[in-house]
1. How many of the residues in region 665-710 are within 19 Å of the chain's Cα centre (by Cα) and among the acidic types (Asp, Glu)?
2. Any chance you could count how many residues in region 532-541 are free of Cβ contacts under 8 Å to residues at least 60 places away in the same chain and either outside the structural domain of residue 465 (by TED's automatic domain parsing) or in a helix (DSSP H, G or I) (or both)?
3. Go through region 371-453 and tell me which helices (runs of 4 or more DSSP H), entirely inside it, have 3 or more residues that are closer than 28 Å to residue 588 by Cβ and modelled with pLDDT of 85 or more.
4. Of the conditions (1) farther than 17 Å from residue 650 by Cα; (2) small (Gly, Ala, Ser); (3) in contact with a strand residue (DSSP E or B) (Cβ under 8 Å, 6 or more places away or on another chain), residue 466 satisfies every one except a single condition; which number is it?
5. Find the residue count for region 485-526, including only residues that are more than 16 Å from residue 465 (Cα to Cα) and part of a helix (DSSP H, G or I).
6. Being without any contact (Cβ under 8 Å) to a residue 24 or more places away in the chain and farther than 17 Å from residue 317 by Cβ narrows it down to one of 256, 268, so name that one.
7. Report, by residue number, each residue of region 238-283 that is among the acidic types (Asp, Glu) and either surrounded by 18 or more Cβ atoms within 10 Å (Cβ to Cβ) or assigned to a helix (DSSP H, G or I) (or both).
8. Which condition number in (1) in contact (Cβ under 8 Å) with a residue 40 or more places away in the chain; (2) surrounded by 13 or more Cβ atoms within 10 Å (Cβ to Cβ); (3) more than 32 Å from the chain's Cα centre (by Cα) is the one that residue 598 fails?
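The values are calculated or read from the model by the stated rules, or taken from the named source; none is laboratory data. Quick caveat, the model's predicted, so the values are computed rather than measured. Neighbour counts are summed over all protein chains in view; Cβ atoms, including those assigned to glycine, are modelled from backbone coordinates with ideal geometry.
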Amino acid sequence: MSADVKTNLKRLLACLGLGVVLALMIGDQEGNQTDFGFAFKAAVFHPRILIFLGIGVLLYLAMTFRPRVAPYLTRAGVRPLAAGTASVVASYGLLNWSDSGNLTNGKLSTLAHGARDTSGISVIGRLFFGSAVPGLYWILFVLAIALAAAAIIVQKSALAWGAAGLSVLAGVWGFVAHEMVRSYLHSPDHSTGAFVALLGYATIASASVTVARTSGSEAATGAFLDRIFGWKPGFPLFVIGTAAALLGTFWASWFSPTDKNTSVFGMSDLFHGYPINGLTSAYLGWLVWVLLVASVVVAGAATWLQHKLLGWASVLVGAVALLISLLSMHNFSRIAADQKFDGAVQAWQNIGTGAWTLCAAFTVLAGAGWMVARKPVDAAADPVSPRPIGSDSLVSPGKSFAFTQAMLVVVLAGALFYPPTATGFWQTVLVTEIGTYVLLAVGLNVVVGWAGLLDLGFIAFYAIGSYTTAYLTDTLPVKPPHWLHLSPLMAIPFAIAICLVAGVALGFPTLRLRGDYLAIVTLGFGEIIRIVAINAKSITNGAQGAFGIPQPVVHLGPLHLKWGQDPLQYWYLLLVFIIVVVMLFRRLENSRLGRAWAAVREDEVAAQATGVNTVRVKLLAFAIGASTSGLAGVFFASQIGYINPDNFVLNNSILVVAYVVFGGMGSLSGAIAGAAVLTWLPEFLKAQVPAEDRQMWIGAVILLMMIFRPAGLLPAKRRAAELSGLDKVYSAETAAVPAGEGM
């Protein structure tokens, strides 16, 4: 047997083994205490194993014929096609399409089984769910993917347009069919499956349009996207904002989604006779339409004509429309709470997704005008001008400045107006886990990502900030002086200052240590703080911790704010903290100190030889990172109201390091993305896979990241430049070489 045959045989066996592992991971089967092979037999000795073995064979073929396949992977449309495919597969297989209690689960397969034979649903909806052709939605998906892939391979625009049309048809058809089922069931529905499928098909359609409108010499999708966003800055935002406005006004519920399910058209009649003010009455009657049309028209004119004055007018109109919308929403929701409608006890409750979606649309439309108003004079001459290499952004490296601005606007609109539409469970997860760990990851990124100092005791500063808050709010056995008894927000400067000192105290004795030795010392520091918190009962109350930490309050003249139990209030407070910290750290990264950190990270000896004060630089890294952790500790203590040493174990430190590494060391956007993804994923998997399989799925995600994106989810631009050079190559075509420089 030749060496090539042996290599191919080993590869085939490995891929088939991977198929078996996937069969164990995917499905409801799980083991029991009496038969440890139960899960294996349920997964393997069943016809479904053929599907997973087929996946292994496809992987084997892709690896074996990679040299022939690789040129096609660099063509335009491949990446959005892959992203859209993954979105639709997740929607069809993982996400819920209904939250109705009449179904055993809300997956698409279960919903389709019942909907295709229900006469109360329109024929169009039943056809999508397979009344005539079983599994029609899967057939549409496979055809759309096949047409798009064929268009990419043969570079035929007719196939690409056909794939785009079929994708739009499948996405809209599925969305409409889902709405028919939701209307038939008359039950609250917070499912996201149909919406994610629509986004996935839209992405596949955009990939197909990219193929149809891109010449063969433009092999990179990024170049095409940059030209779209740079062609008329702000126009893609205008399209997104207009689509969101139409969804918010003509599709989504505006009030009492669990009972009345009132649309915008019924709001005026619903609140007729109630003591709402004149502005709210006009808004629910006719003003909302005037604001919507004005925002769309002005933003459209500004982005199409690229007129700066119209751009500023679009910003003004969008801001006014947003302000009036929020005031009106507060008024009618407060009136409903006063009437104890649906058990509401305060304003902002019972507001549906439609009103919040319209607010997001006004924000995006204003952002479109802002992009036009802030457009550089020479933007038309160079629409794809890159950002400086030393800078970072909230998007992947290598994108144009227009793309970066557009994504920032979309992210801000989502951060402001998506949380109110989420369920109570996800609102709590967003605040207590995702938001808090994002703040911790941003702080640790200074130490690990920028300065290159491996810190495994970072959670100790989190504990110091929390216990400082407990002390200053008079909830520990040791009491502060009466003049130092503060509210949680007033304790922030003290917590930051104490953590700064603690960071210097940790950094000073570790100045000569590097690598594993530094990690061991910082690990010990974290454990020392935790053990002291347990043993110093007269100061910290020992293992019982601190109870009754008050909630934040603000009293500034006529402004009186008090945070309660609603997690949304804490989300917006946390969002302010994150935005301020990120803005400050962005300036810090591009400063002289930020460049000094990068020099120390790459080669401390060389940095010292070139005049960098490495002692000062390393101490500042520890101190600044610790101060951010202290700020997170203040927020955590005041939001939870109770802390004990178990909140600050070593495992939490390791998790924060994992978030930074997963997102991309040295990247602010990477730290945010890493913390968000790895804290969201375990919560998401709770409803998707058995508890015993969750860690396996998380491990698989991390393993795939290590193989295919070792630099992280959103690596720093400086790191990307070190790996791929300073010049961005958009095309895979061979560049022309002067005759005098030929070999």
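1. Within region 665-710, residues that are within 19 Å of the chain's Cα centre (by Cα) and among the acidic types (Asp, Glu) number 1.
2. Residues that pass the stated criteria total 2.
3. Per the criteria, 401-417, 436-444.
4. (1)
5. Total meeting the criteria: 14.
6. After ruling out the rest, the residue left standing is 268.
7. 269, the sole residue that qualifies.
8. (3)
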